[in-house]
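*Asks:* Below you'll find the structure I mean.
The values are calculated or read from the model by the stated rules, or taken from the named source; none is laboratory data. Everything quoted here is computed from the prediction, not taken from an experiment. Please note: Cβ atoms are built from the backbone with ideal geometry, for glycine as well, and neighbour counts cover all protein chains shown.
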Number of protein chains: 2
Amino acid sequence: MGQEDVIRLDPWGVSSIKDYRRLMEEFGIQPIESAPLKELPQLHRLIRRGFIFGHRDLNLIIKAVKEGREYAVMTGIKPSGDYHLGTKVTAEEFIYFTNLSSKAMGFFAIADLEAYADNKIPLEKSREIAISNLMDLLALGLDPKRVYVYRQSEEMNVLKLAFIFSRAVTYNMMEAIYGDKPFGLYYSALVQAGDILLPQLPEHGGPKPTLVPVGADQDPHIRLTRDIARKYREDFGFILPAAVYHKLIRDLTGSMKMSKRNPMGILYLTDSLESARKKIFSAFTGGRATAEEQKKLGGTPEVCTIFVELLSMHFLEDDKKLKEWYWDCKTGRILCGECKAKAWEIISRWLSEHQRKREQMRDVAVKLLEEHTLT
Amino acid sequence: MGQEDVIRLDPWGVSSIKDYRRLMEEFGIQPIESAPLKELPQLHRLIRRGFIFGHRDLNLIIKAVKEGREYAVMTGIKPSGDYHLGTKVTAEEFIYFTNLSSKAMGFFAIADLEAYADNKIPLEKSREIAISNLMDLLALGLDPKRVYVYRQSEEMNVLKLAFIFSRAVTYNMMEAIYGDKPFGLYYSALVQAGDILLPQLPEHGGPKPTLVPVGADQDPHIRLTRDIARKYREDFGFILPAAVYHKLIRDLTGSMKMSKRNPMGILYLTDSLESARKKIFSAFTGGRATAEEQKKLGGTPEVCTIFVELLSMHFLEDDKKLKEWYWDCKTGRILCGECKAKAWEIISRWLSEHQRKREQMRDVAVKLLEEHTLT
């Protein structure tokens, strides 16, 4: 296999994955269709529309849902800023899988130590960001009684696990999984393994299936953690964590590199309507060079961020309407200006409503951060 | 410099250091005489007799003693067994330097996570061992009101520091300091840096001179921690930790390798008198092949474990008597049998007395472990 044929996944960098099928074959990720999805009470739009493309051991979670047995769903954030369309994907998956059963418990890690170590973000600042993030999660449907929220700087058990796990890895192993990275990042990876396995400690009810929804680029963490869970199975009784994988999202300029240096590309859930409007009206589309041409040949919704990232992925729930939208574009019945105006109507309504809801969640978010869970 | 000329220090292995002078030159350790020792109220036998041979920044501690300003003395153990003559050296240094001033605070780390990760010693077992160790420390003169005792498994601040410090090191740096070691040991080194810098956190009164008494083989930890303290000086206000260095102790068979596989070589402070007697009567001496020869030529106290390790290092406080003992041997006036019997009289008295005292300390030790310090 030539150098350029190697699929490189870098959870800390920018991964560009064109061929998800090959990725799955190479790393042993199962296609999402291989899981018994029909046994789920409802399917999330991200699954229906193929944005969630793969999984590991999702069967275990579906089985737990069906049999009414306990399971955990785990995610986390490095508190570096407000929620945007990229982080919203994982947030929605987290909430969806937690809400599937009354026996599910969500675990939400706030990586404030990592934010401090890497970005010198003071813990107090992380706390503020985390409150904002929790407000979004709650507005998106997170049940504050079915989640355990913790900050790395307070959760001794995670750092204890990372300490123990440090004995189970070698440089060769870490390099094989992550490539040649600084010592501190390898160490962070062990802390993440601690986060993922925390729900299985006796303090949280012992071994249980645990699902981690991640972007495709985060698979190295899943592989490492599964490897560690295997090594400590005898000591802790760990069940190998399950995962679902979503495709990487482009920013609104159509770039795979979602960067704060390109703020017009990122739509934050906290953006003012004015700012959001500007971003959407300057978003990258699948339009033609001229209106004439587009009327004749039709647009290319497959590459359009309005169609793919905004409507399909996030804002248009109705599958039938989405299909109509697709064909209106494809056949040239609608041009980009009109399309954006129509999309903006939907998105602005969603944003206003979300922002109204999230403001009402401030007190609950603060309480959740302080008390880990609400009873 | 040829391969065999390189001084190798390995805090986790067996170091054999023949030339302490060269060691000091190579790594920048100052000779102990360079510190203003005369300003100390009294000199410990380990200093008077040259077992403590070097230091870094001891001046800062002596200055704090003299000026009545706060300083910390830091040490720790990996709870793997009872105190013996080797661990007693560090214990005595710890107590001596803490007792020099009412402004001093001792910090005693119990590395129970490390014992678990490396030796699968359960935390509960570590707790028992730590209690036994604390009983010895208290019997040796540790003031329970001037020490902060903590277990790694409970001290979040140390693991937080290790997390942060993981960003400040590179493999090259770790390899240059420690040689090529497993990932887990490099990580342990960062945790130790956290232990050493813990006394300077705001929770413990902020930056202050901190002394770490160590065996010569532990200098890599000191160098790493000073390097890290330098890098985080701006963030935390750290003062570079000071250290005193003692020579490595042989076991009673005369071997540098103190190993549990050679139990006759290690005198535990908890040994029964019968067991201690056996070990001492079979200890390696500087005697000649025959009594005749020894009477004529005299013994070699310089290589005798009874004279060096037992009497000089540990059990004969009186310098004048020690000198007489030396000459009695050197001139052949006393043979090994008689010497051992005389030594045993002193040692058995010390041991009985120590064991009586340590038993009285059990309750205080338990309380100290639970409450960190007694007020």
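*Asks:* Is the stretch B:32-39 home to any residue that is under 17 Å from B:Thr90 (Cβ atoms), modelled with pLDDT of 90 or more and assigned to a helix (DSSP H, G or I)?
*Replies:* The first filter runs over the stretch B:32-39 and keeps only residues under 17 Å from B:Thr90 (Cβ atoms), leaving B:32.
Those left that are additionally modelled with pLDDT of 90 or more: B:32.
Add one more test, that the residue is assigned to a helix (DSSP H, G or I), and what stays is B:32.
Within the stretch B:32-39 (the criterion being under 17 Å from B:Thr90 (Cβ atoms), modelled with pLDDT of 90 or more and assigned to a helix (DSSP H, G or I)), the answer is yes, since at least one residue qualifies.
*Asks:* Another question, if that's okay. Grab the helices (runs of 4 or more DSSP H) fully contained in the stretch B:156-202, keeping just those with 1 or more residues being more than 9 Å from every other protein chain (Cβ to nearest Cβ) and charged (D, E, K, R). Explain how you work it out, then say what you get.
*Replies:* Details: elements: B:156-165, B:171-178, B:183-197.
Per the criteria, B:171-178, B:183-197.
*Asks:* Would you mind stating whether A:Ala109 is assigned to a helix (DSSP H, G or I) and crowded, with 20+ Cβ neighbours inside 10 Å? Outline the logic, then answer.
*Replies:* Working: assigned to a helix (DSSP H, G or I): no; crowded, with 20+ Cβ neighbours inside 10 Å: yes.
No, not satisfied.
*Asks:* Name the residues in the stretch B:278-304 that are out of contact with any helix residue (DSSP H, G or I) (no Cβ under 9 Å at 6 or more places or on another chain) and closer than 11 Å to B:Gly254 by Cβ, would you?
*Replies:* Here is the first cut: in the stretch B:278-304, the residues out of contact with any helix residue (DSSP H, G or I) (no Cβ under 9 Å at 6 or more places or on another chain) are B:289-290, B:292-293, B:295-297, B:303.
Correct list: B:Val303 only.
*Asks:* What do you reckon, is A:Ile61 assigned to a helix (DSSP H, G or I) and out of contact with any Cys (no Cβ under 6 Å at 6 or more places or on another chain)?
*Replies:* On the way: assigned to a helix (DSSP H, G or I): yes; out of contact with any Cys (no Cβ under 6 Å at 6 or more places or on another chain): yes.
Criteria met by A:Ile61.
*Asks:* To continue, here is another question. Exactly one condition in (1) of a type in the set (A, V, I, L, M); (2) touching a residue at least 12 places away in the same chain (Cβ under 8 Å); (3) within 14 Å of chain B (Cβ to nearest Cβ); (4) closer than 30 Å to B:Pro182 by Cβ is false for A:Ile121; which is it?
*Replies:* Of the numbered conditions (1) of a type in the set (A, V, I, L, M); (2) touching a residue at least 12 places away in the same chain (Cβ under 8 Å); (3) within 14 Å of chain B (Cβ to nearest Cβ); (4) closer than 30 Å to B:Pro182 by Cβ, the odd one out for A:Ile121 is (4).
*Asks:* Name, by its number, the condition in (1) within 14 Å of chain A (Cβ to nearest Cβ); (2) assigned to a loop (DSSP other than H, G, I, E, B); (3) not hydrophobic (A, V, I, L, M, F, W, C) that does not hold for B:Tyr150.
*Replies:* Going through (1) within 14 Å of chain A (Cβ to nearest Cβ); (2) assigned to a loop (DSSP other than H, G, I, E, B); (3) not hydrophobic (A, V, I, L, M, F, W, C) one by one, B:Tyr150 breaks only (2).
*Asks:* What do you reckon, is A:Thr373 in a loop (DSSP other than H, G, I, E, B), in contact with a strand residue (DSSP E or B) (Cβ under 7 Å, 6 or more places away or on another chain) and of a type in the set (S, T, N, Q)? Reasoning before the result, please.
*Replies:* Values: in a loop (DSSP other than H, G, I, E, B): yes; in contact with a strand residue (DSSP E or B) (Cβ under 7 Å, 6 or more places away or on another chain): yes; of a type in the set (S, T, N, Q): yes.
Taking the combined requirement at face value, the residue satisfies it.
*Asks:* Over 28 Å from A:Gln355 (Cα atoms), more than 14 Å from chain B (Cβ to nearest Cβ), small (Gly, Ala, Ser) and surrounded by fewer than 19 Cβ atoms within 10 Å (Cβ to Cβ): is that true of A:Gly205 in this structure?
*Replies:* Details: over 28 Å from A:Gln355 (Cα atoms): yes; more than 14 Å from chain B (Cβ to nearest Cβ): yes; small (Gly, Ala, Ser): yes; surrounded by fewer than 19 Cβ atoms within 10 Å (Cβ to Cβ): yes.
In short, yes.
*Asks:* Out of everything in the stretch A:298-324 that is of a type in the set (Ser, Thr, Tyr) and buried (at least 19 other Cβ atoms within 10 Å of the Cβ), what residue ends up being nearest to A:His354 (Cα to Cα)? Explain how you work it out, then say what you get.
*Replies:* Step one: filter the stretch A:298-324 for residues of a type in the set (Ser, Thr, Tyr), giving A:300, A:305, A:312.
Adding the requirement that they be buried (at least 19 other Cβ atoms within 10 Å of the Cβ) leaves A:305, A:312.
On the way: A:Thr305: 21, A:Ser312: 18 Å.
This residue is A:Ser312.
*Asks:* Here is a further query. Here are some conditions: (1) crowded, with 21+ Cβ neighbours inside 10 Å; (2) farther than 30 Å from A:His204 by Cβ. A:Lys295 meets all but one. Which one does it not meet?
*Replies:* Of the numbered conditions (1) crowded, with 21+ Cβ neighbours inside 10 Å; (2) farther than 30 Å from A:His204 by Cβ, the odd one out for A:Lys295 is (1).
*Asks:* Could you tell me whether A:Gln294 is among the polar types (S, T, N, Q) and farther than 30 Å from A:Leu374 by Cβ? Spell out how you get there, then give the answer.
*Replies:* Details: among the polar types (S, T, N, Q): yes; farther than 30 Å from A:Leu374 by Cβ: yes.
Considered against the rule, which asks whether it is among the polar types (S, T, N, Q) and farther than 30 Å from A:Leu374 by Cβ, A:Gln294 comes out as yes.
*Asks:* Please determine whether any residue of the stretch A:90-105 is within 14 Å of another protein chain (Cβ to nearest Cβ) and crowded, with 24+ Cβ neighbours inside 10 Å. I'd like the intermediate steps shown before the answer.
*Replies:* Narrowing the stretch A:90-105 to residues within 14 Å of another protein chain (Cβ to nearest Cβ): none.
Within the stretch A:90-105 (the criterion being within 14 Å of another protein chain (Cβ to nearest Cβ) and crowded, with 24+ Cβ neighbours inside 10 Å), the answer is no, since none of the residues qualifies.
*Asks:* Only one of B:Val191, B:Val212, B:Val169 is over 28 Å from B:Val147 (Cα atoms), aliphatic (A, V, I, L, M) and either buried (at least 22 other Cβ atoms within 10 Å of the Cβ) or not assigned by TED's automatic domain parsing to the domain that holds B:Tyr71 (or both); which?
*Replies:* Values: B:Val191 fails: over 28 Å from B:Val147 (Cα atoms); B:Val212 fails: over 28 Å from B:Val147 (Cα atoms).
Going through B:Val191, B:Val212, B:Val169 in turn, the sole match is B:Val169.
*Asks:* Looking at B:Leu273 and the list (1) touching a helix residue (DSSP H, G or I) at 6+ places or on another chain (Cβ under 8 Å); (2) crowded, with 16+ Cβ neighbours inside 10 Å, which single condition is not satisfied?
*Replies:* (2)
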